[in-house]
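In what follows, a structure is listed as structure tokens, so that the remarks can point back to it.
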Amino acid sequence: MGISLDEIVFSTGSGAVDSDTLRVELSTESLAALENVTVTATDLDIRDLTFANDSVDVSGSEVALDAATLAALETVTVTATDLDIRDLSASQDNVAISDGTDTLEINADGSINVVQGLIASIKNTAETVTTTAGEVVSTPLSGRKQITIQNEGSQPVYIGSSAGVTSANGIKISKNSSATYDWAEGVDIFMVAASGSQDVRFLEAA
């Protein structure tokens, strides 16, 4: 006599069954073992998991989140090239972008804060600036964030971005005065003197 799947009954207790029915009784231990089942599937719909007892094994790596783990997930650091961030709370959340020194904070309410790190190193040099425009501080301090230029000469000097800087187009630093600029190490600085040779000092900070 053939037996179809519809004729197989899994039972854990007694009860009347048809004569053509195959009874398979499972012990308490067997039922307990069935609580942990490994399923291999492409698309799997998992429902009714119990937080206190259940976990999901993905590709052999078990993911079990307890209360402490969930609490830790409230603060997450994400490293990404393109990041789509949604549902920020203006009262609590912000996005911090840091280069390891300075931090740009973008708040959910649209405000932006720039938090600058402390200066870690400085470098001071001196050069003679003449009436022939030339590059100064050609070997900048690594990671430079700021530079102060002080004119110790008797005549004004002028700052520009190329050897074409002149007293007519450059930024003037008068004698016995100084100026500070937030220029990174990649900024090329050229200077020219109004006349003569002028003693110019530089203080870089990183």
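The values are calculated or read from the model by the stated rules, or taken from the named source; none is laboratory data. What you see is a predicted model; the values in this text were computed from it and never measured. Cβ sites come from the backbone with ideal geometry, for glycine too, and all protein chains shown count toward neighbours.
Structure above, values below:
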{"quantity": "Residues located in region 136-153, provided they are surrounded by 13 or more Cβ atoms within 10 Å (Cβ to Cβ) and not aliphatic (A, V, I, L, M)", "calculated": "Pro140, Gly143, Arg144, Lys145, Gln146, Thr148, Gln150, Asn151, Glu152, Gly153"}
{"quantity": "Unique match (being out of contact with any helix residue (DSSP H, G or I) (no Cβ under 8 Å at 6 or more places or on another chain), outside the structural domain of Thr180 (by TED's automatic domain parsing), within 24 Å of Ala206 (Cβ to Cβ) and of a type in the set (D, E, K, R)) among Asp102, Asp93, Asp109", "calculated": "Asp102"}
{"quantity": "Candidates Val165, Val114 - the one that is surrounded by fewer than 12 Cβ atoms within 10 Å (Cβ to Cβ) and of a type in the set (Val, Ile, Thr)", "calculated": "Val114"}
{"quantity": "Test: residue in region 112-133 that is of a type in the set (Asp, Glu), farther than 19 Å from Ala205 by Cβ and modelled with pLDDT of 75 or more", "calculated": "no"}
{"quantity": "Which listed residue, of Ser161, Ser178, Ser138, is under 39 Å from the mean Cα position of the chain (by Cα), without any contact (Cβ under 8 Å) to a residue 12 or more places away in the chain and farther than 11 Å from Val192 by Cβ", "calculated": "Ser138"}
{"quantity": "Residues satisfying the stated conditions in region 134-157, i.e. outside any loop (DSSP other than H, G, I, E, B), within 12 Å of Phe202 (Cα to Cα) and of a type in the set (Val, Ile, Thr)", "calculated": "Val136, Ile147, Thr148, Ile149"}
{"quantity": "Residue within region 99-112 that is farther than 17 Å from Val187 by Cβ, charged (D, E, K, R) and touching a residue at least 12 places away in the same chain (Cβ under 8 Å) present", "calculated": "yes"}
